[in-house]
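Novice: Mind looking over this structure? Questions follow.
The values are calculated or read from the model by the stated rules, or taken from the named source; none is laboratory data. Because the structure is predicted, anything quoted here is derived from the model rather than measured. Cβ sites come from the backbone with ideal geometry, for glycine too, and all protein chains shown count toward neighbours. We work out accessible area using only protein heavy atoms, side chains counted, and drop any ligands, DNA or RNA first. Shrake-Rupley method; radii C 1.70, N 1.55, O 1.52, S 1.80 Å.
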Amino acid sequence: MPNSIEARVETLQEISLKYGCKFLINEPLKEHTSFKIGGPCDIMIFPNSIDSLKELISEADRYMILGNGSNVLFSDNGYRGAVFVLGFDMSEITVDGEYITAYAGASLAKVCKTALDSSLTGLEFAYGIPGTVGGAVFMNAGAYGGEMKDVVAEVTCINQSGEIVAYSSDNLDFGYRSSRFTLSNEIIVSAKFRLSTGDKDVIKARMDELIARRKSRQPLEYPSAGSTFKRPEGTYAGLVIKESGLKGFSIGGARVSDKHANFVINTGDATAADVMKLISHIKKTVSEKTGYELECEVKLIEE
């Protein structure tokens, strides 16, 4: 390891020790993603406060923010830089009337359960979406007719100058699987959800219905990154992939799910190279057979 990199590692380790953050070297990224794929990163740190995150970012030459790792595919060679994981140590959730505020590392499932316990409706659609609040807001996650844009009232982030700023919903630029954060390089640290008072039994029934629907229609028994492709205008990705005869098609350990064609799954030993080759094959085949140009929803993180 070059001296410059060793010095940077030492600095980040000192900051981690100062705040009591978990610090790992050469950590396999496959242990931190839902795809269960990815080589080692140089450094992995689990910030436990906004202050620790700000200071770590200021000293990192190259870094990325990771939540639950449910929408990413890391290179087989890993990642040359620091990975800051916003997880359990930054997952506090508070309720104030019809508002729920959650830190970026809080799981969507836990936020949904908090809403249920408080008889608040509006987040039922998100129950079962894998991932954290930060990742969900970042990509405007949605399902079953609902999206983050429908319930997010405010987002607090660290801007490129290292300042803490808050944006109201009018300034979040939500689009289909996008937000202002997909281009701004600002780091989401918390989100405030605007919900409504509802009937607890009705809320629970809807959550149970949607999770049962997910289990019956999606290959949750296999590692994946969720939906592989964005929805094409006028149709569904899973439908055109199925119509192209690709259900069950495999390259290495990566396979198009037999249960839902818009899921590329890891059958046990898939590499990132397998997945990328399969994604390329799907896009080419679908284009030739149906005319639709599929856009990948999974974010590839290069070495």
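Novice: Pairs 30/192; 149/230; 36/289: which exceed 29 Å Cα-Cα?
Specialist: Too far apart for the 29 Å limit: 30/192; 36/289.
Novice: Once R0 is set to 41 Å, what does the formula 1/(1 + (r/R0)^6) return for the Cβ-Cβ distance between residue 284 and residue 26, expressed as a FRET efficiency to the nearest 0.05?
Specialist: FRET efficiency, residue 284 to residue 26: 0.70.
Novice: Please report the base-10 log of the normalised intensity I(q)/I(0) for the stretch 104-253, using a Debye sum with one equal scatterer per alpha carbon and no solvent, at each q in 0.17 (1/Å).
Specialist: -1.05
Novice: Over 19 Å, how big is the tail of the calculated P(r) for the stretch 5-158, in percent of all Cα pairs?
Specialist: 55 percent
Novice: Using the Cα centre of the chain as origin and beta-carbon charges of +1 (Lys, Arg) and -1 (Asp, Glu), tell me which of 264, 167, 77 is placed farthest towards the positive end of the dipole.
Specialist: The one lying farthest along the dipole's positive direction is 264.
Novice: Take the Cα radius of gyration of the chain and divide it by 2.2 N^0.38 Å, with N its residue count; two decimals is plenty.
Specialist: 1.02
Novice: Where only protein heavy atoms count, and the probe is 1.4 Å, what is the accessible area per residue for the stretch 111-246 in Å²?
Specialist: 46 Å²
Novice: Does the stretch 230-303 classify as rounded, prolate or oblate by the C-alpha gyration tensor (a ≥ b ≥ c root eigenvalues; a/c under 1.5 gives rounded; else a/b over b/c gives prolate, otherwise oblate)?
Specialist: Taking the square roots of the gyration eigenvalues as a ≥ b ≥ c, the stretch 230-303 is prolate.
Novice: Answer with one residue from 47, 29, 122: the one whose Cα lies farthest towards the positive end of the charge dipole of the stretch 28-134, charges on Cβ with Lys, Arg +1 and Asp, Glu -1.
Specialist: 29
Novice: Rounded, prolate or oblate for the stretch 104-145? Axes are the square roots of the Cα gyration tensor eigenvalues, ordered a ≥ b ≥ c, and the cut-off for rounded is a/c under 1.5.
Specialist: Verdict is oblate for the stretch 104-145.
Novice: Mind putting a number on the dipole of the chain about its Cα centre? Charges go on the C-beta only, +1 for Lys and Arg and -1 for Asp and Glu, and I need it in Debye to the nearest 20.
Specialist: About 1100 debye.
Novice: What order, most packed first, do the peptides 67-76, 205-214, 268-277 have when packing is the mean number of other Cβ atoms within 10 Å of each residue?
Specialist: Result, highest mean first: 67-76, 268-277, 205-214.
Novice: While we're looking at this one, here's another question. Specify which residue in the list 241, 273, 251 is farthest towards the positive end of the charge dipole of the stretch 206-303, using unit charges on the beta carbon of Lys, Arg (+1) and Asp, Glu (-1), about the Cα centre.
Specialist: Positive-most Cα among the choices belongs to 241.
Novice: Right, here's the next one. Under 8 Å for C-alpha pairs, at least 6 residues apart: give me the relative contact order for the chain, rounded to a whole percent.
Specialist: Reported relative contact order: 17 percent.
Novice: Would you please give the FRET efficiency between residue 247 and residue 110, computed as 1/(1 + (r/R0)^6) with r the Cβ-Cβ distance and R0 = 51 Å, to the nearest 0.05?
Specialist: Efficiency, rounded to the nearest 0.05: 0.90.
Novice: Just report the Cα centroid separation between the stretch 138-155 and the stretch 47-84, whole Å.
Specialist: 23 Å
Novice: What is the sum of charges around residue 34, taking Lys and Arg as +1, Asp and Glu as -1, for the other residues whose C-beta is under 15 Å from the C-beta of residue 34?
Specialist: +1
Novice: Could you please state how large a percent of the accessible area of the chain is carbon and sulfur, counting protein chains only and using a 1.4 Å probe?
Specialist: The value for the chain is 47 percent carbon and sulfur by accessible area.
Novice: While we're on this one: Would you work out the relative contact order for the stretch 61-131, in percent, from Cα pairs under 8 angstrom that are 6 or more residues apart?
Specialist: In percent, rounded to a whole number, it is 28.
Novice: Right, something else. For the chain, return all DSSP H helices satisfying: extent of Cα atoms along own axis at least 20 Å; mean Kyte-Doolittle hydropathy at least -0.5.
Specialist: For the chain, where a helix must reach 20 Å along its axis and average at least -0.5, the hits are 3-19, 272-290.
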